[in-house]
Amino acid sequence: MQLNNTTVLGTGVLGSQILFQTAYHGLPVIGFDISEEALETAKTRLDSLVAVYGEFFGEPTKAQAARDSIKLTTDMAQAVKNADLVIEAVPEDLKIKEQTYQKLASFAPEHTIFATNSSTLLPSDISPFTGRPEQFLALHYANHIWKNNTGEVMGTANTSKEAYEAVVDFAERTGLVAIRVLKEQPGYVLNSLLVPFLESASHLLVNEVADAPTIDTTWKIGTGAPFGPFEIYDIVGLNTAYHIASHGGETSKKFAELLKSEYIDQGKLGVATGEGFYKYD
């Protein structure tokens, strides 16, 4: 079973990167989102990735060809009618995912495999909505896919071996290092390491131990890491950080409140909007 025709549901920061990564490695791909406004934003993101991929891989012509090959639509039925693989990258909200998969299941061909890119929900949380639990699993991408090119593949107890291996093969053919996650784990491997780190930083901030720049500077100097935790929050996006923190303990909920009142309600969502904890060109 080889997966070629790909559809990505959701064209946000990571969804757009998944589109470009797939196209750059030569596979036909279509992006779906719920409005023309969302697609206009996606076009800007995709256009900006031409220079990123061209510089990183040293092949600007190939990067432009990848961009030109990507199709976008607000018609889900049209987007998935020939799909071998649908990668879902919609917001981290179980109700939104339920509604998305119920529509998707009615449109997609019987052979189509569904993969969620959810970073906080287990695939077994979503599986009942898909109508095809044997052909459903998780394929988790890291931000800045072109260089942070892990593809964490995690199935459920119901995922067939054939579907799992097909997604591993797809990941490898699209330039990823396939990470075989052997059992369901909230946060997979990467976020099981990353989320507690970010949570610790948020607790330092909320408890007024230090401000965000001081925490970031301490981490970068002390470890040699390229980014501090609040720089990572800005890269990931403060909406995602808010959804995760709002389901945590008392201190995490305080951080969620701070994110909403001081940043999200002000339109400061991180790098994507030009401002979060820091300002960006």
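Yes/no per residue for (1) more than 20 Å from Gly15 (Cα to Cα); (2) in contact with a helix residue (DSSP H, G or I) (Cβ under 7 Å, 6 or more places away or on another chain); (3) in contact (Cβ under 8 Å) with a residue 24 or more places away in the chain:
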| site | (1), (2), (3) |
| --- | --- |
| Glu184 | yes, yes, yes |
| Leu198 | yes, yes, yes |
| Thr214 | yes, no, no |
| Val236 | no, no, yes |
| Lys260 | yes, yes, no |
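Does Tyr188 satisfy the condition of being open to solvent by less than 50 Å² (accessible area, probe 1.4 Å), hydroxyl-bearing (Ser, Thr, Tyr) and assigned to a helix (DSSP H, G or I)?
No.
Out of (1) assigned to a loop (DSSP other than H, G, I, E, B); (2) more than 26 Å from Ala245 (Cβ to Cβ), what's the single condition that is false for Thr120?
(2)
If a residue has to be in a strand (DSSP E or B), under 16 Å from the mean Cα position of the chain (by Cα) and not hydroxyl-bearing (Ser, Thr, Tyr) to count, how many in the range 123-143 make the cut?
So the answer is 4.
Yes/no per residue for (1) more than 19 Å from Glu275 (Cβ to Cβ); (2) crowded, with 16+ Cβ neighbours inside 10 Å; (3) touching a Phe, Trp or Tyr at 6+ places or on another chain (Cβ under 8 Å):
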| site | (1), (2), (3) |
| --- | --- |
| Ile221 | yes, no, no |
| Ala241 | no, yes, yes |
| Ile244 | yes, yes, no |
| Ser252 | yes, yes, no |
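This table checks each residue for (1) over 17 Å from Ala138 (Cβ atoms); (2) open to solvent by 70 Å² or more (accessible area, probe 1.4 Å); (3) of a type in the set (Phe, Trp, Tyr).
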residue: Thr6; (1), (2), (3): no, no, no
residue: Leu27; (1), (2), (3): yes, no, no
residue: Asp33; (1), (2), (3): yes, no, no
residue: Gln64; (1), (2), (3): yes, yes, no
residue: Gln78; (1), (2), (3): yes, yes, no
residue: Ile87; (1), (2), (3): no, no, no
residue: Thr100; (1), (2), (3): no, no, no
residue: Lys103; (1), (2), (3): yes, yes, no
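Which fully enclosed helices (runs of 4 or more DSSP H) of the range 36-100 have 2 or more residues being on the phi < 0 side of the Ramachandran plot and free of Cβ contacts under 8 Å to residues at least 12 places away in the same chain?
The qualifying helices (runs of 4 or more DSSP H) are 36-57, 60-69.
When you check Leu198 against the structure, is it among the hydrophobic types (A, V, I, L, M, F, W, C), surrounded by fewer than 16 Cβ atoms within 10 Å (Cβ to Cβ) and part of a helix (DSSP H, G or I), yes or no?
Criteria not met by Leu198.
Exactly one condition in (1) at positive phi; (2) crowded, with 16+ Cβ neighbours inside 10 Å; (3) modelled with pLDDT of 95 or more is false for Gly237; which is it?
Unmet for Gly237, out of (1) at positive phi; (2) crowded, with 16+ Cβ neighbours inside 10 Å; (3) modelled with pLDDT of 95 or more: (3).
Can you give me the number of residues within the range 53-89 that are under 24 Å from Ser35 (Cβ atoms) and either of a type in the set (Asp, Glu) or modelled with pLDDT under 95 (or both)?
Residues flagged as under 24 Å from Ser35 (Cβ atoms) and either of a type in the set (Asp, Glu) or modelled with pLDDT under 95 (or both) within the range 53-89 amount to 3.
Results for (1) touching a helix residue (DSSP H, G or I) at 6+ places or on another chain (Cβ under 6 Å); (2) in a helix (DSSP H, G or I); (3) open to solvent by less than 30 Å² (accessible area, probe 1.4 Å), shown as yes or no for each residue.
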{"position": "Trp146", "(1), (2), (3)": "yes, no, no"}
{"position": "Val153", "(1), (2), (3)": "yes, no, yes"}
{"position": "Thr159", "(1), (2), (3)": "no, no, yes"}
{"position": "Glu162", "(1), (2), (3)": "no, yes, no"}
{"position": "Val168", "(1), (2), (3)": "no, yes, yes"}
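The values are calculated or read from the model by the stated rules, or taken from the named source; none is laboratory data. It should be emphasised that the depicted structure is a prediction, and the values quoted were computed from it without experimental measurement. Positions of Cβ are backbone-derived with ideal geometry, glycine not excepted, and every protein chain shown enters the neighbour counts. All accessible areas refer to the heavy atoms of the entire protein, side chains included, with ligands and DNA or RNA removed. Shrake-Rupley method; radii C 1.70, N 1.55, O 1.52, S 1.80 Å.
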